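Only one structure is covered here, and it is reproduced in the block below.
The values are calculated or read from the model by the stated rules, or taken from the named source; none is laboratory data. Since this is a predicted model, take the numbers as computed values, not measurements. For neighbour counting, all protein chains shown are included, and Cβ atoms are generated from backbone atoms with ideal geometry for every residue, glycine included.
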RNA sequence: GUCCCCAUCGUCUAGUGGUUAGGACAUCGGCCUUUCACGCCGGCAACAGGGGUUCGAAUCCCCUUGGGGACGCCA
């Protein structure tokens, strides 16, 4: 049995984006599924574009989604000495050489190649060079081995063959001595003991080069799995500028992390007809057999549905925690209103996200509500006055403010006034919540609390009276 | 341009030579109902095109088309 050690290796040049999160998830799931280890490596060898803030952001983002790491994150930049050592080793053993070509010279070379209709690639002009060039710091180039083809074995793509002639002598160390991607990636994976490299499809073409390097170093290559890319809903490439690609934005908008992960897992992976997975079920079920090879588009509607399914199943405590955060975002104070757990229970089946939940529960926490004009016009009409007055009285005298008692009370009043439950319930709902939509009326009044209920009923009654008065006075004009 | 990858309902997908091509989201009807939602029942909807192989292809092979990726002293 092979040991399982996976890693997620993003470069800290921006926030964690959805595609990256999915790659991280698959690596994490595979490791957890097989009792292996999952590492995070920050590929920050390009100091220009990397930032400390982004590194922190990536670490925190993974934590927010519950993808726990084995060991501390590895900063690639902290390993340059090791990379240089590997490069020197290659140099010593003749697998690499110093190249004195200037960037301008290389650009000119590529241009000529293109003009001649050839593929632009380094022609190896420094391969046999002995002498150094005055005042020029050389780069170290890998000496591509002289074999006819390289075969990449991939979980998803099977055997992918590359003609050696398509590969060229890649730069291992820059003129300033810093390592480039291929070198550091290969060296780090080896040193970290990574056995499964699960990464985006955009790396498939890099793999033959890395394989050659690994071979020259006499190391054991890892298993490869190149995942298809994620596309925007319109089928276009996911743009980094798009807000919807920032993984954390989904948490901010009130999606449960496990819902986002469930959704992402199912984009490119399946297990029969099953759609909903808890995190532990995901770990239990995840496997390479279920992986698909074609790119998939993001579908916000499906995400919402999955989110709702998770809202229905989530432990109350998780909902409460998230709801508190969302209420805070809306500037509402949970202290003044009903218990969050009660609100969460009332809405877990009718909110797609925690943000929806908070927004829908606004009336339960806001000091005052605003009457929805349409709803008020429709149900707060003169005919509703009498039943509302009656129910107000009955509610004021109710011994216990419980949902069951409220229900009985409303039912009794409706009967006494000769109207259906709904005919009384809807005006009541609009009076108390301001709008036409809320949980069942008994739960709604219970959540609003007695004093707010009575106060708002009085206001609604006043509203109706104003209407009656307006109708009595001939309209001007 | 060269190389590489991919291709089943609008979307996510099941399917691995013989199925009425299944499920889910969305959508459209209906039921339930105190509003909304949940839930339940039902409808619409797909094998990109063309060649092979085979008694038989969504499944295997080739070509075309379409989409994506890679061709850096970026990662």
Which numbered condition residue A:110 fails, given (1) surrounded by 12 or more Cβ atoms within 10 Å (Cβ to Cβ); (2) away from RNA strand B (no atom under 12 Å from the Cβ): (2)
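If you go through segment A:193-202 one residue at a time, do you hit one that is at negative phi, in a loop (DSSP other than H, G, I, E, B) and not assigned by TED's automatic domain parsing to the domain that holds residue A:89? Before you say what the answer is, go through the steps one by one.
Looking only at segment A:193-202, we keep the residues that are at negative phi, and these are A:194-202.
Still in the list and also in a loop (DSSP other than H, G, I, E, B): A:194-195.
Filter once more, so that each one left must be not assigned by TED's automatic domain parsing to the domain that holds residue A:89: A:194-195.
Yes, segment A:193-202 has at least one match.
Working carefully through the options A:363, A:347, find the one that is closer than 27 Å to residue A:462 by Cβ, in contact with a helix residue (DSSP H, G or I) (Cβ under 6 Å, 6 or more places away or on another chain), buried (at least 19 other Cβ atoms within 10 Å of the Cβ) and at pLDDT 90 or above. It would help to see each step written out before you state the result.
On the way: A:347 fails: closer than 27 Å to residue A:462 by Cβ.
Every option except A:363 fails the conditions.
Matching residues to (1) closer than 23 Å to residue A:37 by Cβ; (2) touching a residue at least 24 places away in the same chain (Cβ under 8 Å); (3) over 21 Å from the mean Cα position of the chain (by Cα):
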site	(1), (2), (3)
A:59	yes, no, no
A:65	yes, yes, no
A:69	yes, yes, no
A:74	yes, yes, yes
A:77	yes, yes, yes
A:85	no, no, yes
A:91	no, yes, yes
How many residues does segment A:27-45 contain that are over 13 Å from residue A:198 (Cβ atoms) and out of contact with any helix residue (DSSP H, G or I) (no Cβ under 9 Å at 6 or more places or on another chain)? 1
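Every residue, every condition in (1) at pLDDT 95 or above; (2) within 8 Å of RNA strand B (Cβ to nearest atom), yes or no:
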position: A:285; (1), (2): yes, no
position: A:295; (1), (2): no, yes
position: A:312; (1), (2): yes, yes
position: A:322; (1), (2): yes, no
position: A:334; (1), (2): no, no
Hits in segment A:362-408 (condition: closer than 24 Å to residue A:341 by Cβ, within 16 Å of RNA strand B (Cβ to nearest atom) and part of a helix (DSSP H, G or I)): A:362, A:363, A:364, A:395, A:403, A:404, A:405, A:406, A:407, A:408
Among what's in segment A:39-59 and is within 15 Å of RNA strand B (Cβ to nearest atom) and in a helix (DSSP H, G or I), pick the residue that is nearest to residue A:281 (Cα to Cα). A:58
Looking only at segment A:166-199, which residues are in contact with a helix residue (DSSP H, G or I) (Cβ under 8 Å, 6 or more places away or on another chain), closer than 18 Å to residue A:102 by Cβ and surrounded by fewer than 19 Cβ atoms within 10 Å (Cβ to Cβ)? A:177, A:178
Cβ-Cβ under 7 Å, sequence separation 6+ or interchain: first residue in segment A:103-117 and without any contact (Cβ under 8 Å) to a residue 12 or more places away in the chain, partner within 11 Å of RNA strand B (Cβ to nearest atom) and not in a helix (DSSP H, G or I). Which pairs? A:110/A:120; A:113/A:119; A:113/A:120; A:114/A:120
Give, as residue ranges, the helices (runs of 4 or more DSSP H) completely inside segment A:279-336 that count at least 2 residues that are over 28 Å from residue A:359 (Cβ atoms) and in contact (Cβ under 8 Å) with a residue 60 or more places away in the chain. A:279-285
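Go through the residues of segment A:244-254 one by one and say whether even a single one is near RNA strand B (Cβ under 10 Å from one of its atoms) and surrounded by 17 or more Cβ atoms within 10 Å (Cβ to Cβ).
Going residue by residue through segment A:244-254, those that are near RNA strand B (Cβ under 10 Å from one of its atoms) are none.
No.
Examine segment A:115-128 for a residue that is within 11 Å of RNA strand B (Cβ to nearest atom), modelled with pLDDT under 95, touching a helix residue (DSSP H, G or I) at 6+ places or on another chain (Cβ under 6 Å) and over 30 Å from residue A:23 (Cα atoms), and state whether such a residue exists. Write out each step before concluding.
Start the filter on segment A:115-128 by keeping residues that are within 11 Å of RNA strand B (Cβ to nearest atom), which leaves A:116-122, A:126.
From what's left, modelled with pLDDT under 95: A:116-122, A:126.
From what's left, touching a helix residue (DSSP H, G or I) at 6+ places or on another chain (Cβ under 6 Å): A:120.
Among the residues that remain, those that are also over 30 Å from residue A:23 (Cα atoms) are: A:120.
Yes: one or more hits.
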Answer yes if at least one residue in segment A:141-157 is near RNA strand B (Cβ under 7 Å from one of its atoms) and either outside any strand (DSSP E or B) or free of Cβ contacts under 8 Å to residues at least 12 places away in the same chain (or both), and no otherwise. yes
Tell me, yes or no, whether segment A:453-461 has at least one residue that is part of a helix (DSSP H, G or I) and within 42 Å of the chain's Cα centre (by Cα). yes
For residues that are under 19 Å from residue A:184 (Cα atoms), touching a helix residue (DSSP H, G or I) at 6+ places or on another chain (Cβ under 9 Å) and assigned to a loop (DSSP other than H, G, I, E, B), tally how many sit in segment A:72-114. 3
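Take the residues of segment A:1-38 that are part of a strand (DSSP E or B) and away from RNA strand B (no atom under 15 Å from the Cβ): which is surrounded by the most Cβ atoms within 10 Å (Cβ to Cβ)? Reasoning before the result, please.
Initially, segment A:1-38 is screened for residues part of a strand (DSSP E or B), giving A:5-8, A:17, A:37-38.
Going one step further and asking which of them are away from RNA strand B (no atom under 15 Å from the Cβ), we end up with A:5-6, A:37-38.
Numbers: A:5: 21, A:6: 27, A:37: 19, A:38: 22.
Checking each candidate, the answer is A:6.
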Working carefully through the options A:217, A:227, A:264, find the one that is in contact with a helix residue (DSSP H, G or I) (Cβ under 9 Å, 6 or more places away or on another chain), within 13 Å of RNA strand B (Cβ to nearest atom), farther than 25 Å from residue A:355 by Cα and modelled with pLDDT of 95 or more. A:227
Scan segment A:132-153 residue by residue and report those that are touching a helix residue (DSSP H, G or I) at 6+ places or on another chain (Cβ under 7 Å) and crowded, with 17+ Cβ neighbours inside 10 Å. A:140, A:142, A:144, A:150, A:152
Selection from segment A:337-352 of residues within 12 Å of RNA strand B (Cβ to nearest atom) and outside any helix (DSSP H, G or I) yields A:348, A:349, A:350, A:351, A:352
Go through segment A:200-229 and count every residue that is within 14 Å of residue A:31 (Cβ to Cβ) and surrounded by 19 or more Cβ atoms within 10 Å (Cβ to Cβ). 2
